[in-house]
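Right, one structure below, let's go through it.
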Amino acid sequence: MFVTNMESVPAMKIVKHHGMVTGSTVRARNIFVDIGQWIKGLFGGELKGYSRLLADVRAQAVERMAMQAGELGANAVINVRFATSTISLGAAEIYAYGTAVEVRSEEYGAGEEYGE
Amino acid sequence: MESSALEVTAFFLDYANLFLLLFFLLCGQIGERRHYRSILAREKALSRISTTTLKNVNFPAEKVVDVRMVCGHVVLCADGFRRVLAFFRGLFGGPVRSFEAMLDRARREALLRMKEEAGEASMIVSVRVETPSVTGIDNTYRWWGGIEVVAYGTAVTLKD
């Protein structure tokens, strides 16, 4: 599965569009982590707990999007974008969306019909 | 002897807030200097990976080995002293220098982590930098003086 935020996959030709695919994750924070990070924040520097949370949430959103694309029979997701929103006081959402397409290596030749 | 010790303790307690602020200032300064040193060293080490914000780059088809998305995340927080500084600056208006350095650090760190994740890739195309606000509610967050930066792009590995 190719996942990219370019408009095409390099060296590949788009042969079929499968439409838009999305993946979202809502993750709540832990109150104890919050307090710990607040105290750590007073001294300045990086808040590793939140960095990791951000990375995990994003990876999961992309994974879900790729899974949906796989179910549609696509082998690539192009033009991926992210959107974030804070839904309620403690929870945050990351939303990943892109276009599921089927790509083929350009070696098959430009004139060849897909499927045969 | 005992009375003098008590006086010293009382003196420290009277100005506890001030000492705490100075302590935060010290921690913040040391942390920032150390962070900048590591940023500069890693930027030099990773300078072989070129980045571009272009959406489409025409690579020769036979050279492309691998295409994948890479992300770099960082959450930084201003220390207590800077927050107080920023608060007073907010009363009078004007540039908040104490936060400018922090923003610069966060952006560069996020880009560096993205490059580190790219590993052996030769180029990162379509780089985007975002500052989402995931871990905090907007208002409290501003008061916190924290910033989250996410940099993402498509790493392309080319054959020699």
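Key figures
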quantity	calculated
Candidate set from the range B:69-93 (those that are over 26 Å from B:F23 (Cβ atoms) and at the interface with another protein chain (Cβ under 7 Å from one of its Cβ atoms)); member that is farthest from the chain's Cα centre (by Cα)	B:M69
Residue match in the range B:57-68 (condition: without any contact (Cβ under 8 Å) to a residue 40 or more places away in the chain and in contact with a strand residue (DSSP E or B) (Cβ under 8 Å, 6 or more places away or on another chain))	yes
Matching residues in the range A:28-56 - criterion: being assigned to a helix (DSSP H, G or I) and at the interface with another protein chain (Cβ under 7 Å from one of its Cβ atoms)	A:G41, A:L42, A:Y50, A:S51, A:L53, A:L54, A:A55
Residue count, the range B:61-113 (criterion: within 26 Å of B:M123 (Cβ to Cβ) and of a type in the set (D, E))	4
Set A:V62, A:V9: member being surrounded by 15 or more Cβ atoms within 10 Å (Cβ to Cβ), part of a helix (DSSP H, G or I) and out of contact with any Asp or Glu (no Cβ under 6 Å at 6 or more places or on another chain)	A:V62
The range B:68-86: number of residues that are of a type in the set (A, V, I, L, M, F, W, C) and outside any strand (DSSP E or B)	5
Those residues of the range B:41-52 which are assigned to a loop (DSSP other than H, G, I, E, B), loosely packed, with under 13 Cβ neighbours inside 10 Å and more than 11 Å from chain A (Cβ to nearest Cβ), in sequence order	B:S47, B:R48
Residues of the range B:7-59 satisfying the condition of being among the hydroxyl-bearing types (S, T, Y) and over 21 Å from B:F81 (Cβ atoms)	B:T9, B:S38, B:S47, B:S50, B:T51, B:T52, B:T53
Failed condition for B:M114, given (1) modelled with pLDDT of 85 or more; (2) more than 11 Å from chain A (Cβ to nearest Cβ); (3) out of contact with any Gly (no Cβ under 8 Å at 6 or more places or on another chain)	(3)
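The values are calculated or read from the model by the stated rules, or taken from the named source; none is laboratory data. Owing to the predicted nature of the structure, the values given are computational and were not obtained by experimental measurement. Positions of Cβ are backbone-derived with ideal geometry, glycine not excepted, and every protein chain shown enters the neighbour counts.
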